[in-house]
2 protein chains.
Amino acid sequence: MNGRLVIIGIGPGSAGLITPDAHAALATATDVIGYGPYLNRIAIGVHQTRHASDNREEIERGRHALALCESGRAVAVVSSGDAGVFAMASAVFEAIETGPETWRTLNVSVIPGISAMLAVSAKLGAPLGHDFCAISLSDNLKPWSLVCHRLRLAAQAGFVMALYNARSRARPDRLGEAFDILRSELPSDTLVVFATAISRPEERVEISTLADADQTLADMRTLVLIGSAETRRIRGTSFLYTPRSVPA
Amino acid sequence: MNGRLVIIGIGPGSAGLITPDAHAALATATDVIGYGPYLNRIAIGVHQTRHASDNREEIERGRHALALCESGRAVAVVSSGDAGVFAMASAVFEAIETGPETWRTLNVSVIPGISAMLAVSAKLGAPLGHDFCAISLSDNLKPWSLVCHRLRLAAQAGFVMALYNARSRARPDRLGEAFDILRSELPSDTLVVFATAISRPEERVEISTLADADQTLADMRTLVLIGSAETRRIRGTSFLYTPRSVPA
């Protein structure tokens, strides 16, 4: 009964962005659990049991991990990016809170990872250089009206926005609706970035404006960044950044 | 004239959270520039020139780095956490935009790092598990009225908040003013976390509520997290998390 559970962020894709702590935790796991394509990014030894899942049913995956841990296994739950940003960590803790009392005494920890928004920001220059927010556009787990409310207030606050779960086959038009809301709050020349599969071989970046932003540039691997009034491109370069200062 | 400049995030402190890409970029630098205590965290070879600075004058440090790069040196600019989050990347790009035209053709890149908020979130459980924002409380580079405006809107939006530059000797009372603003918008039992020097030997975490939050628990190494209405502690554990779902 010396089980343990580590929830690990393995970064956006490139091996060069996986931390030593993540590698160390993976190396000592008996069981590795995660969405299949994420597991394909890491080396899993022959002595380790691989539990590949689809990318839904996160709380069920959390319960499965906790049950294995309770039975004495050393379990690693793998998330892309950072495990705490719209990923598995929250699902595991929800499973603990709603599960049997014994799960509260299990040895559980989280290892942070390079989140998609940080990788995208570094790729572009420094668009997250000043105040920003991260919003999931998925309305699977919250009402769409709340997403709209948050987009409006984030625009009024002048935050740069990182939009996660921006578009999927099940929600093909929500991103377009989000752009419409933002068009009513922000100037039409506000920068919009579609960053897909950053740090992976199929990486793609498209830079647009709110006037021209086309939701079909996004798929389920795309992080969408919305600039603030201060976010700008540096003429003669490919760089985009948000200055640290805002004039009075 | 084959200079290059890499802006590198070295994470919150622990060597286990420095990425292989950061190590690789550091290893090939001829010159390493950064705030002295950050440079002390990394190995700098005898063949490398160390340029330690204080933690102010970021744009001057950026210009210094760019001038070295232009002269043909391989320059690494080091930031704690992620270089793009309230750190050196934005300062370097501002220096490029406002500097000589030739700087726009230099070979400049950014390597992301584990930001303080991600490390703090992992340490606590998953408080950033749903929509959140990051706000710098420093009014050195923006009007304090804008900070207050953003705090109010972030509270109304229901974001979890990561407050950077929460308190310094030069601004001992701004954090208390921020708590007062948040008290007028949020329930008094809203969770407040003071996370100091996370992942370093002197690491300290204090969990409070908005009613009881005491600004003197913060110093310049402290990230302050404000929970949303959904953020909770799991009874019988040390964990704090924000569920992925918000009820209709």
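Hey, could you check region B:87-126 for residues that are hydroxyl-bearing (Ser, Thr, Tyr) and surrounded by 24 or more Cβ atoms within 10 Å (Cβ to Cβ) and say which is farthest from the other protein chains (Cβ to nearest Cβ)?
Filtering region B:87-126 for residues hydroxyl-bearing (Ser, Thr, Tyr) gives B:90, B:98, B:102, B:105, B:109, B:115, B:121.
Filter once more, so that each one left must be surrounded by 24 or more Cβ atoms within 10 Å (Cβ to Cβ): B:90, B:115, B:121.
On the way: B:Ser90: 3, B:Ser115: 6, B:Ser121: 4 Å.
This residue is B:Ser115.
Name every residue in region A:25-47 that is outside any strand (DSSP E or B), among the hydroxyl-bearing types (Ser, Thr, Tyr) and either under 13 Å from A:Ile8 (Cα atoms) or at pLDDT below 95 (or both), in order of residue number. If you could, list the steps in order and put the result at the bottom.
First, pick out the residues of region A:25-47 that are outside any strand (DSSP E or B): A:25-30, A:36-47.
Filter once more, keeping what is among the hydroxyl-bearing types (Ser, Thr, Tyr): A:28, A:30, A:38.
Matches in region A:25-47: A:Thr28, A:Tyr38.
For the subset of region A:136-160 comprising residues that are within 7 Å of chain B (Cβ to nearest Cβ), in contact with a strand residue (DSSP E or B) (Cβ under 6 Å, 6 or more places away or on another chain) and more than 23 Å from B:Leu141 (Cα to Cα), which member is surrounded by the most Cβ atoms within 10 Å (Cβ to Cβ)?
A:Arg150
Mind telling me which of the residues A:Leu39, A:Leu68, A:Leu26 ends up being within 14 Å of chain B (Cβ to nearest Cβ) and either under 22 Å from the mean Cα position of the chain (by Cα) or surrounded by fewer than 24 Cβ atoms within 10 Å (Cβ to Cβ) (or both)? Step through it out loud before you land on a result.
Details: A:Leu39 fails: within 14 Å of chain B (Cβ to nearest Cβ); A:Leu68 fails: within 14 Å of chain B (Cβ to nearest Cβ).
Only one candidate passes the filter, namely A:Leu26.
Go through region B:1-24 and report how many residues are more than 18 Å from B:Ile198 (Cα to Cα) and part of a loop (DSSP other than H, G, I, E, B). Step through it out loud before you land on a result.
First, pick out the residues of region B:1-24 that are more than 18 Å from B:Ile198 (Cα to Cα): B:1-8, B:20-24.
From what's left, part of a loop (DSSP other than H, G, I, E, B): B:1-3.
Count: 3.
Which one of the conditions (1) away from every other protein chain (no Cβ under 14 Å); (2) at pLDDT 95 or above does A:Asp21 fail to meet, given that it meets all the rest?
(1)
For region A:78-182, which fully contained helices (runs of 4 or more DSSP H) count at least 3 residues that are in contact (Cβ under 8 Å) with a residue 60 or more places away in the chain?
Details: elements: A:88-98, A:116-124, A:144-157.
It comes to A:88-98, A:116-124.
Residues in region B:170-186: is at least one over 27 Å from A:Leu153 (Cβ atoms) and either within 7 Å of chain A (Cβ to nearest Cβ) or modelled with pLDDT under 95 (or both)? Show your work before the answer.
Pass one, region B:170-186, residues over 27 Å from A:Leu153 (Cβ atoms): B:170, B:172.
Next, only the ones that are either within 7 Å of chain A (Cβ to nearest Cβ) or modelled with pLDDT under 95 (or both) stay: B:170, B:172.
Checked region B:170-186: at least one residue is over 27 Å from A:Leu153 (Cβ atoms) and either within 7 Å of chain A (Cβ to nearest Cβ) or modelled with pLDDT under 95 (or both).
Which condition from (1) modelled with pLDDT under 95; (2) more than 14 Å from chain B (Cβ to nearest Cβ); (3) loosely packed, with under 14 Cβ neighbours inside 10 Å is the one that A:Pro247 breaks?
Result: A:Pro247 passes all but (2).
Among the residues of region B:19-34, what is the count of those that are among the hydroxyl-bearing types (Ser, Thr, Tyr) and under 16 Å from B:Ser115 (Cβ atoms)?
Our first condition is that a residue be among the hydroxyl-bearing types (Ser, Thr, Tyr); within region B:19-34, this holds for B:19, B:28, B:30.
Imposing the further condition that a residue be under 16 Å from B:Ser115 (Cβ atoms) reduces the set to B:19.
Of the residues in region B:19-34, 1 are among the hydroxyl-bearing types (Ser, Thr, Tyr) and under 16 Å from B:Ser115 (Cβ atoms).
Could you please give the count of residues in region B:48-66 that are modelled with pLDDT of 95 or more and assigned to a loop (DSSP other than H, G, I, E, B)?
Counting residues in region B:48-66 that are modelled with pLDDT of 95 or more and assigned to a loop (DSSP other than H, G, I, E, B) gives 1.
The values are calculated or read from the model by the stated rules, or taken from the named source; none is laboratory data. Please read these numbers as outputs of a predicted model, since none were measured by experiment. Backbone-built Cβ (ideal geometry, glycine too); neighbour counts: all protein chains shown.
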